[in-house]
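Below is one structure, written out as structure tokens, with a few remarks after it.
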Amino acid sequence: MVGQGGREHAFASALAATADVVVTPGNPGIAGSTPATATEIDADLYVIGPEGPLADGLADRLRAVGRLVFGPGADGAALESSKAWMKEVVSAAGVPTAGYATFASEPVQRRAAHAYLETLAPPYVIKTSGLAAGKGVLVTDDVASAHSDIDAKLDGTAFGDAGRRIVIEEGMRGPEVSLFALCDGRRAVLLPTAVRDHKRVGDGDTGPNTGGMGCVSPLADVDRAVCAELGALAFEPTLAELARRGVDYRGVLYAGFMLTPDGPRLLEFNVRFGDPEAQVTLPRITNDLALLLAGAAAGELSDEIIVSDDAMVCVVCAVEGYPAAPRTGDVISGLERAREVDGVTIFCAGVGTADGQAGSGGSLVTGGGRVLNVCGRGPDVAAARDRAYQAVQHLHWPGMTYRTDIAAAEAAATAGGNR
Ligand code: AMP
Ligand code: GLY
């Protein structure tokens, strides 16, 4: 397992049901973490968690030496590392998505970007084409901020090279939903459950976008039938378009949709599981996950994916100052007690040890913006949510922050068990 966050912790736990797992580099909160690099490890299957190494061609390098890899090559990973290319591919595939135009930083294009913005109605949407850890998208009703964001991105001041090419999109409104499919190059097999992420840092969806402050699955407004419809709109057509372009895509496709009054529209593709979406999804898959991923990696994915009807809610505990200026190095307390809460699993994301030594047995300290993923599981969303927040009460470090409204609307919508 390649990666070091909560998603990789969830992956490693689920894979450990049937496989021996090592995690590179992992973190001090994940059993089996090793400083050895992927290419130094001899494994039957390599599962790559984050987009960075995928975009960087790690899957290609491993396949070049005959390894079985779950995760796309750099060509397929461009669906996420180049939003401009993603929009072109999905438009060619006939997937419904917002109207858009792309611009580079040359003066002519910059002027065209400002002019294009003036033709649009709010909300205004300005995206870095390149990778920006989930933070490269501005959505605003204020046209002046949109104009200055165009310049900040194209200048490279806001996001470096990732912003020197931008995508400006028609703004849409509506609830969002994420869906996942496993792909073997030819087939895409849907995970028949929808996930909702809470991307803004503050309660009531306020403040800047983050990598994700919590999530919930399943959703009352996106049942299995709707999942199948949305999946059919996005996954198979895109996989076919990729194949037509010579891209043999083996790994996860993550589709983010907005459910607009005019119908569903694809917002984005990611080339990996969501973090923390994986944390509420992988534990509910009842198939042998290692076999499933190995099948996809080998180009012979045959099984349907079975997901438990249980609900899961993940609350992310983050550090003071996240996402702008995270403060780290504080001792985490209450982890053992929090883990004792019935139905609760805690995945470690941004953690370190006080002495910097992985596996030293010393207490964990905060090591990144999003520190712990507190996941409650139960028969419905309300029960899962209660359990997650019960466990959060046991956790402490100076400046620990979390959203108090994760899955609140979804719990209310499913109250009474009519999920
Ligand atoms: P993305 O990384 O492309 O999914 O964008 C991040 C977030 O920005 C999405 O989850 C939406 O909340 C918002 N967003 C992206 N594109 C649009 C759009 N065309 N209209 C309205 N909101 C959008
Ligand atoms: N939680 C959003 C993402 O992983 O992109």
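The table below gives the values:
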quantity	calculated
Test item: Cα-centred dipole of the chain, Lys/Arg +1 and Asp/Glu -1 on Cβ, debye	380
Cα→Cβ-extended label distance, 7 Å offset, between residue 106 and residue 88, nm	1.5
Residue order, fewest to most surrounding Cβ atoms within 10 angstrom, among 219, 335	335, 219
Signed unit charges on C-beta, dipole axis of the chain, positive-most listed residue 138, 398, 112	112
Calculated Rg and Dmax of the stretch 301-354 using C-alpha coordinates, Å	16.2, 47
Ellipsoid equivalent to the stretch 223-380 - semi-axes via the Cα gyration tensor, in Å	34, 19, 18
Helix runs (DSSP H) in the chain reaching 20 Å along axis by Cα, Kyte-Doolittle at least -1.0	224-244
Within a Gaussian network of the chain (alpha carbon springs, distance under 10 Å), most fluctuating of 105, 81, 33	105
For the chain, convex hull volume per residue from C-alpha positions, Å³	137
Label point distance in nm, residue 64-residue 342, each placed 7 Å from Cα along Cα→Cβ	5.4
Dimensions (Å) - the stretch 27-154, Cα atoms, principal axes, largest first	55, 35, 28
Residue order, fewest to most beta carbons within 10 Å, for 137, 381, 351	137, 351, 381
222 nm mean residue ellipticity, helices alone, for the chain (DSSP H n ≥ 4; -39,500 (n - 2.57); rounded to 500)	-8500 deg cm²/dmol
Residue 151 paired with residue 205, simple spin-label distance in nm, labels 7 Å along Cα-to-beta-carbon	3.0
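Every number in this text was worked out from the coordinates using simple rules, so none of it is lab data. Please read these numbers as outputs of a predicted model, since none were measured by experiment. Methodologically, a virtual Cβ is constructed for each residue, glycine included, from the backbone with ideal geometry; neighbour enumeration extends over all protein chains shown.
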